[in-house]
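What follows is a short report on a single structure.
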Amino acid sequence: MAKNCHNDYKMKFSVDEEFPDLSQHNNHMAKVLTKDIYSKLRGKSTPSGFTIDDVIQTGVDNPGHPFIMTVGCVAGDEESYEVFKELLDPIISDRHGGYKPTDKHKTDLNFKNLKGGDDLDPNYVLSSRVRTGRSIKGFTLPPHNSRGERRAIEKLSIEALARLDGEFKGKYYPLEGMTNEEQEQLIADHFLFDKPVSPLLTCAGMARDWPDGRGIWHNENKTFLV
């Protein structure tokens, strides 16, 4: 395990002194986390230094709503799912209808197998979007990545997208250095996104260093966005 000096410092306090007060919380993390689990995991960290307190912080800071069950935790990297599996496995199962650690996602990248959509009434539906997200192996996740790592991901993405041609050929617009004209056009196209304001995201570290390392890319026909 990686050395996390801040985590080592916390270890001088007992489990009772460090365990968060979750008595008023309604999220999956609070439902699963016990002092026993916290005690087993508090001294561990992933190779990049992510700790159990990093995992649960957004759920501690955001108790949730009596009628809305939020997740209440994040992963900082790929290894989080293994190092903190005693907490994350039951949360994933609870949130995703019994999804087990042994289950596998079914992948089908053949777009011809997509069904539906041709029966939508054009009087009510003018357009639709399909959104997906992917992580890049070898990089930590947004709650944990550093400035340099985020910039490296941006650079890698720009280089990959620049290789697209035909109907996918496009341009990257960094949030930093964007002209007023570009900004106005992206707003008019309903493409431009703002700094996250949801406490679920900000408490998870998702808005750090904004807008550094952020931007938007779209093809010339404005039908494909990254």
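The values are calculated or read from the model by the stated rules, or taken from the named source; none is laboratory data. Here the structure is a predicted model, which is why all the values come from computation and not from measurement. Because the Cβ atoms are built from the backbone with ideal geometry, glycine has one as well, and the counts that use them run over all protein chains shown. For accessibility, only protein heavy atoms count, side chains too; no ligands or nucleic acids. Shrake-Rupley method; radii C 1.70, N 1.55, O 1.52, S 1.80 Å.
Total residues in the range 63-82 satisfying the condition of being surrounded by fewer than 23 Cβ atoms within 10 Å (Cβ to Cβ) and in a helix (DSSP H, G or I): the figure is 2. Summed over the range 47-62, residues that are closer than 11 Å to Leu200 by Cβ and open to solvent by less than 60 Å² (accessible area, probe 1.4 Å) total 3. Scanning the range 80-130 for residues that are within 17 Å of Val55 (Cα to Cα) and hydrophobic (A, V, I, L, M, F, W, C) yields Val83, Phe84, Leu87, Leu88, Ile91, Ile92. The residue pairs whose first member lies in the range 27-56 and is free of Cβ contacts under 8 Å to residues at least 24 places away in the same chain, whose second member is buried (at least 19 other Cβ atoms within 10 Å of the Cβ), and whose beta carbons are closer than 8 Å, counting only pairs six or more residues apart or on different chains, are Tyr38/Ile52. Taking the range 1-32 as the range and being open to solvent by less than 50 Å² (accessible area, probe 1.4 Å) and closer than 11 Å to Gly59 by Cα as the test, the residues that pass are Pro20, Leu22, His25, Asn26, Asn27, His28, Met29, Ala30. Taken over the range 117-134, residues that are open to solvent by less than 80 Å² (accessible area, probe 1.4 Å) and at pLDDT 80 or above amount to 3. The single condition among (1) in contact (Cβ under 8 Å) with a residue 24 or more places away in the chain; (2) part of a helix (DSSP H, G or I); (3) within 25 Å of Thr202 (Cα to Cα) that Thr140 does not meet is (2).
Close Cβ contacts (under 7 Å, 6 or more residues apart or on different chains) running from residues in the range 94-118 that are closer than 25 Å to Asn27 by Cα to residues that are in a loop (DSSP other than H, G, I, E, B) and of a type in the set (A, V, I, L, M, F, W, C) comprise Arg95/Val71.
A single entry from Lys35, Lys44, Lys104, Lys100 fulfils the requirement of being within 19 Å of Lys10 (Cβ to Cβ) and loosely packed, with under 14 Cβ neighbours inside 10 Å: Lys35.
Looking across the range 192-221, the residues that are of a type in the set (Val, Ile, Thr) and surrounded by 13 or more Cβ atoms within 10 Å (Cβ to Cβ) come down to Thr202, Ile216. Selection of the range 157-199 for residues being aromatic (Phe, Trp, Tyr), modelled with pLDDT of 90 or more and within 25 Å of the chain's Cα centre (by Cα) yields Tyr172, Tyr173.
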